[in-house]
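The values are calculated or read from the model by the stated rules, or taken from the named source; none is laboratory data. The structure presented is a predicted model; accordingly, all values stated were derived computationally and were not measured. Neighbour counts are summed over all protein chains in view; Cβ atoms, including those assigned to glycine, are modelled from backbone coordinates with ideal geometry. Heavy atoms of the whole protein, side chains included, go into the accessibility calculation; ligands, DNA and RNA do not. Shrake-Rupley method; radii C 1.70, N 1.55, O 1.52, S 1.80 Å.
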Amino acid sequence: SLARLLLPQLPASALQPGSRYSLSALEAERERLDDFLKNQGYYAFSPDYLLFKADTSVGDRQFKLYLSVKQATPPEALRSYRLQNVAVYPNMAYTDSAQAGIDTQQVDGLVFVDGSGSFKADRLAPFVFLRPGQLYNRSAELTMANRLSSLGNFRYVTVRFDLPDSLPPGSGPVDLQARIDLAPAPRRRLRYETQFLSKSNNFVGPALKLGYQNRNLFRGGELLNVDLNAGFETQFAGGRQTGLNAFEVGLKGELVFPRILSPVSLGGNLGYGLPRTRLVSGVSLLNRVNFYRLRSFQAGFGYQWQTNRFVSHDLQPASISFTGLSRTSPEFDAILAANPFLR
């Protein structure tokens, strides 16, 4: 069974006739073949079970290379595994297999065990890439763990597989039980900062920042950030500019969905990373005492995703930014009239 799988993979190998002997190349080839086998259901296989033999008897500084499976390879490593059951525990603090009366729900063949209702099963199911009836796939497991961690809702993600006590007869796939344990991070967070600012235009003064975060607003991994900032400053410059005062206050909100919200399909998971839909809005007010009051507003809607580790995309179909003076003093109007460039 291994030969039928591995022989078609040999043309893609870095080990080709005429290449120089390299121990690192042999080790890399074992890892490559092991990754391939693990994506074909061979959960218990290991690169250590592959053995290269070099025959240098042909002379002329040449050798023949043979690949085989070690004789000591355990029987369970030579069998493929099929997922029989996939159980997801979204909140380990509230779920225990020994407890009775725990809420269970089935979505897309997955069993969700959660006594807290902290995460909607239908929202979590698209991030679980393992499904009952499928052969074990290492790439799907790693991608799933990466996506679940990228949500920002869980402190850790643990994937466990339980093998049967004994192998069934025959050469067919062996049933494998999968369990995904998720430990939620604190859902809400409140932070504050106090600052004392000194600027190059001789304005100095205190400032305060307040921030609120909800990691799971609608129990689907949505992230809400609300930031409030306020500050007061006065100018120490000497002469006529001494004593100028100003205060500023601003409010900004951001809502991030861990999926693409669109009336039309934009194509699956959109590549490498976790796709996000981002809504942002903010207002601010700056008041220069005895001069002017400046209002600003911004709002935006867009998508963010990655196609690989090095390329990310930020698409904003809608973005609005407004800035305007709501009040000016006669003194400030006189300054603008005398300085066209400033106006």
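Could you list, in sequence order, the residues of the range 139-174 that are in a strand (DSSP E or B) and surrounded by 15 or more Cβ atoms within 10 Å (Cβ to Cβ)?
Answer for the range 139-174, where residues must be in a strand (DSSP E or B) and surrounded by 15 or more Cβ atoms within 10 Å (Cβ to Cβ): 154, 157, 159, 161, 174.
Please determine whether any residue of the range 86-97 is among the polar types (S, T, N, Q), open to solvent by 70 Å² or more (accessible area, probe 1.4 Å) and under 32 Å from the mean Cα position of the chain (by Cα).
Taking every residue of the range 86-97 in turn, at least one turns out to be among the polar types (S, T, N, Q), open to solvent by 70 Å² or more (accessible area, probe 1.4 Å) and under 32 Å from the mean Cα position of the chain (by Cα).
Working only within the range 180-211, note down all residues that are open to solvent by 80 Å² or more (accessible area, probe 1.4 Å) and either part of a strand (DSSP E or B) or of a type in the set (Phe, Trp, Tyr) (or both).
Selection gives 188, 189, 190, 191, 192, 194, 196, 198, 209.
Considering only the range 17-29, state which residues are without any contact (Cβ under 8 Å) to a residue 40 or more places away in the chain and either polar (S, T, N, Q) or in a loop (DSSP other than H, G, I, E, B) (or both).
Passing the criteria: 17, 18, 19, 20, 22, 24.
When the residues of the range 248-262 are narrowed to those that are outside any strand (DSSP E or B) and not small (Gly, Ala, Ser), which ends up nearest to the chain's Cα centre (by Cα)?
Checking each candidate, the answer is 258.
Could you tell me which residue of the range 30-78 is most open to solvent (accessible area, probe 1.4 Å), considering only residues that are in a strand (DSSP E or B) and over 16 Å from residue 17 (Cβ atoms)?
53
Name the single residue that is nearest to residue 332 (Cα to Cα) among those in the range 285-319 being open to solvent by 40 Å² or more (accessible area, probe 1.4 Å) and not in a strand (DSSP E or B).
290
Confirm whether residue 277 is open to solvent by 40 Å² or more (accessible area, probe 1.4 Å), touching a residue at least 24 places away in the same chain (Cβ under 8 Å), of a type in the set (Ser, Thr, Tyr) and at negative phi.
no
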